[in-house]
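Have a look at the structure below, then the notes.
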Ligand SMILES: Nc1nc2c(ncn2[C@@H]2O[C@H](COP(=O)(O)OP(=O)(O)OP(=O)(O)O)[C@@H](O)[C@H]2O)c(=O)[nH]1
Ligand SMILES: [Mg+2]
């Protein structure tokens, strides 16, 4: 793509096994995009690997150690972006770099928000698949109650949008968003405009290429907390179950 109106945000925690490869592949495919790595103090050599690339359009941001969180990193990444559009994606290759292009095309063509829809979810175990669909269902109800539009994959971590619009939403509602969970898109839909223009692009969701998953029970429960009003009670009950 031949312009520099996009920042790819890569929230990262201990991804030394893939982060350099990821930045290099994105650079190869999108020579003019900015790459913003939001690292939560991984201290696993990721910074040195990125510094070694010597790429002036890759920024490695070390976040405040007291504020660890995937969604917090994404919201801060959007706030830091200086381009007209942003695209957020995982750093472990579950979101293929090749799929950034179609998402970017969506916002270029006028969408406010673009969402990567996980087509083939065989990378998810049956339990995670079920949890993901239940969370999607509850999130869809929450959005419906608020008269907000939904996406066909509210739980997707692969999405982008018009930077200014989402910077203003985060400035206004950031205090009410769930900063320590994984579902930033859900909050951006929940607190975003009711008439948001959404464009969706399918992609094949693979398994992480290397390293370890950071998803845990606390993260799963935090999705329930985002589903007000009924989700908070369910989160309290589920939190007591061993
Ligand atoms: N900055 C930041 N990034 C995080 C944090 N936790 C996870 N990430 C990144 O967010 C992305 C998604 O995390 P994953 O652990 O892959 O979660 P997942 O994809 O649901 O789980 P797997 O399918 O097992 O990979 C990856 O790029 C992680 O490095 C965090 O606390 N802070
Ligand atoms: Mg992953």
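Every read-out reported here was derived from the displayed coordinates using simple, explicitly stated rules and does not represent laboratory data. These numbers come from a predicted model, not from an experiment. Note that we place each Cβ from the backbone using ideal geometry, even for glycine, and neighbour counts take in every protein chain shown.
Roughly how many whole Å is it from the C-alpha centroid of the stretch 21-53 to that of the stretch 93-134?
Taking the Cα centre of each part, the stretch 21-53 and the stretch 93-134 sit 21 Å apart.
Please report 177, 61, 89 as a ranked list, fewest other C-beta atoms within 10 angstrom at the top and most at the bottom.
61, 177, 89
If you take every DSSP beta bridge fully contained in the chain, what fraction is antiparallel? Give it as a percent rounded to 5.
Numbers: 7 of 28 bridges.
Of those bridges, close to 25 percent are antiparallel.
Quick check: the angle from helix 126-145's long axis to the longest principal axis of the chain, C-alpha only, nearest 10 degrees?
In the chain, helix 126-145 runs at an angle near 70 degrees to the longest axis.
Of 78, 87, how do they rank once you tally other Cβ atoms within 10 Å and put the fewest first?
On the way: 78 24, 87 28.
Neighbour counts put them in this order, fewest first: 78, 87.
If I model the chain as equal point scatterers sitting on the Cα atoms and use the Debye formula, what is log10 I(q)/I(0) at q = 0.09, 0.11, 0.17 Å⁻¹?
With one equal scatterer per Cα and no solvent, log10 I(q)/I(0) is -0.35, -0.53, -1.37.
Quick one, can you get me the convex hull of the C-alpha atoms of the stretch 1-140 expressed as volume per residue in Å³?
131 Å³
Could you give the spread of the C-alpha atoms of the stretch 104-212 along their three principal axes, from largest to smallest, in whole angstroms?
Result for the stretch 104-212: principal-axis Cα extents of 36, 30, 26 Å.
Can you give the Rg/Rh ratio of the stretch 38-80, where Rg is from the C-alpha atoms and Rh is the Kirkwood radius?
0.98
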